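Chemist: Here it is, the structure, as C-alpha cells.
The values are calculated or read from the model by the stated rules, or taken from the named source; none is laboratory data. Since we're looking at a predicted model, the values are computed, not measured. Every residue, glycine as well, gets a Cβ built from its backbone with ideal geometry; the counts of neighbours run over all protein chains shown.
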Amino acid sequence: MRILVLGSGAREHAIVRALLRDQTSDGPAHEVIAAPGNAGIAALVETVKLDASNGRLVADYARDSEVDLVVIGPEAPLVAGVGDALRRYGIPVFGPDKAAAALEGSKSFAKRIMQAAQVPTGGAVHADTIDEVAEALDRFGAPHVVKADGLAAGKGVLVTDDRQAAIDHASFYLQQGGVLIEEHLSGPEVSLFLLADGHDVLPLSPAQDFKRVFDGDAGPNTGGMGAYSPLPWLSDRWPSEADFVDEVVDRVALPTVRQLEAEGTPFVGLLYCGLIITAEGIRVIEFNARFGDPETQVVLPRLESSLAELITAAATGGLGRLPYPKFSPEVAVTVVLASEGYPENPITGRPIRGLAALEAELPEGVTVDHAATTLVDGEYVATGGRVLSVVARGADFAAARERAYAALGRLDLEGGHFRTDIAARVAQ
C-alpha cells in the first residue's frame with residue numbers, strides 16, 4: 001500500500017514506525033510518505049512540504065500521487081475538514097469528517113453526544129460570558145475545572161482551587177469562543193484508543209500520560225510530558241485489564257459511535273477516550289478524534305497486530321470482521337524532552353547535542369520519536385516546545401525507566417527540561 005501520514009510530531013513518527021513494521025521478504029510492505037514530517041521522520045520515509053490542514057491541497061496531492069490510504073495525525077486538519085475533501089475524491093481516510101471531529105473540536109458537542117448516548121461523564125455548564133462563568137463556578141464549587149470549548153493544543157484546561165485564576169483562564173478563552181465549567185472528578189486517569197469504522201470499534205491498550213510540566217504533577221498543563229503502557233494497577237478494580245477495556249467499549253465507545261451514526265455523522269478513525277476512574281466508576285473527561293501524544297509513543301511499540309490492516313479496515317468499514325489487536329507483554333515508557341520556557345514561551349532554535357550519536361547506536365529497547373526538530377548543517381535543532389520523546393521498552397517498568405532516562409542523559413539541549421517521575425509509581 002501507498003500510505004500518506006499527515007502531521008509533523010512524535011505521534012506521527014510513532015505511526016510511521018508502526019506502519020513500516022509490516023514486512024515482506026523484499027522489505028517493507030508499504031510505501032509511507034509523511035507531510036510535512038520532521039527531521040526524524042525524514043530519516044525513515046519520504047517527506048513532502050504540504051500544508052496538512054489544506055483539504056484541497058492534500059486531496060490533490062493524494063490523488064495525483066496515487067495514495068491508497070491517508071492517516072490524519074493531528075486534530076487541526078480533522079477539524080478543518082481535510083477528511084471530507086479526501087473522501088470527495090474517493091480516497092480512504094483514517095480520520096473523521098469535520099462534523100464528527102467536532103467530538104474533539106467542541107467540548108459542548110461532545111457533552112451533548114455523551115448525554116444522548118447515556119455515556120457516564122461529569123456535569124458541565126457551557127458559558128459565553130464572565131457572569132455565566134462565575135455562576136457555574138459557584139454552582140460546582142472548588143476545585144474548579146475550566147475548559148476551552150475549542151482546540152487549545154492540550155493547554156485549554158485549568159483545574160484550580162483559586163476562583164480568580166479560574167475566572168482569568170475563562171476570560172482568556174472566552175475571547176476565542178465559549179468555555180465549559182465542569183464538575184471536578186477525582187481518581188486516576190486512563191487514556192484508551194479505539195479504532196472506529198462508523199459502526200464498530202476495536203480497542204488498543206490503555207496508557208496513562210502526565211499532563212503537568214513538572215515532577216509531582218506541578219505547574220501548568222502541557223500537551224503531555226510522558227506516558228506509559230500497560231496499566232497493571234487496573235486489576236485492583238477489575239479482574240483484568242481486558243475487563244476494563246470491555247467495559248469502556250460497552251459503556252463509552254460503542255454508544256458514542258452508534259449515536260454519531262444515528263445522527264448522520266459517522267465517526268471513522270481513532271476515538272481517544274480520556275477517562276477517570278472515580279469511586280463511582282468510569283467517567284469520561286474528554287474525547288479526542290485522533291491518536292494522543294505522547295500515549296501513541298508507548299501504545300504502538302507494543303502493538304503486535306498490523307497497524308496498516310487495522311486502520312485500513314477502519315477506513316473501509318471492515319472492523320467487524322477483525323479480532324481484538326494483540327499486544328506484547330513488554331511495557332513501554334516515554335519521556336518528553338521540552339525546550340526552555342515550555343509550555344508558556346518555549347525558546348527554539350537551539351541545537352540538540354548528542355542526538356545524532358544516540359540514534360547512531362541506540363541502546364536495546366530504545367527509540368527516539370522526533371516532535372519538533374530540523375537539521376541545520378548536519379546538526380539537529382529544536383523547532384518547538386516539545387522536542388522529542390525518548391521511548392523505552394522492557395520486561396518491567398523499572399528496566400524501561402532506566403533505559404529511557406539513561407538515553408535522555410546522553411542529550412544536551414540548552415535550557416531543556418523533562419520530568420524525572422514518569423512511571424515512577426508503577427515501577428515501585
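Chemist: How about the range 12-50: which of its residues are touching a helix residue (DSSP H, G or I) at 6+ places or on another chain (Cβ under 9 Å), among the charged types (D, E, K, R) and within 17 Å of Thr374 (Cα to Cα)?
Modeler: Glu12
Chemist: Is it the case that some residue within the range 405-413 is within 21 Å of the chain's Cα centre (by Cα) and either crowded, with 21+ Cβ neighbours inside 10 Å or at pLDDT below 95 (or both)?
Modeler: Within the range 405-413, none of the residues are within 21 Å of the chain's Cα centre (by Cα) and either crowded, with 21+ Cβ neighbours inside 10 Å or at pLDDT below 95 (or both).
Chemist: How many residues are in contact (Cβ under 8 Å) with a residue 12 or more places away in the chain and either in a helix (DSSP H, G or I) or closer than 22 Å to Val16 by Cβ (or both) if we restrict to the range 108-122?
Modeler: 7
Chemist: Return a yes/no flag: does the range 214-222 have any residue that is modelled with pLDDT of 90 or more, in a loop (DSSP other than H, G, I, E, B) and of a type in the set (Val, Ile, Thr).
Modeler: yes
Chemist: Shifting gears a bit: For Leu375, all conditions in the list (1) exposed (fewer than 14 other Cβ atoms within 10 Å of the Cβ); (2) in contact (Cβ under 8 Å) with a residue 24 or more places away in the chain; (3) aliphatic (A, V, I, L, M) hold save one; what is the number of the exception?
Modeler: That leaves (1) as the condition not met.
Chemist: Separate question: Are any of the residues in the range 124-133 under 19 Å from Gln259 (Cβ atoms), touching a residue at least 24 places away in the same chain (Cβ under 8 Å) and either in a loop (DSSP other than H, G, I, E, B) or of a type in the set (Gly, Ala, Ser) (or both)?
Modeler: Checking the range 124-133: at least one residue is under 19 Å from Gln259 (Cβ atoms), touching a residue at least 24 places away in the same chain (Cβ under 8 Å) and either in a loop (DSSP other than H, G, I, E, B) or of a type in the set (Gly, Ala, Ser) (or both).
Chemist: Name the strands (runs of 3 or more DSSP E) wholly within the range 1-107 that hold at least 1 residues that are of a type in the set (Asp, Glu) and surrounded by fewer than 19 Cβ atoms within 10 Å (Cβ to Cβ)?
Modeler: Result: 31-36.
Chemist: How many of the residues making up the range 331-361 are surrounded by 15 or more Cβ atoms within 10 Å (Cβ to Cβ), farther than 11 Å from Leu408 by Cα and among the polar types (S, T, N, Q)?
Modeler: Adding up the residues that qualify gives 2.
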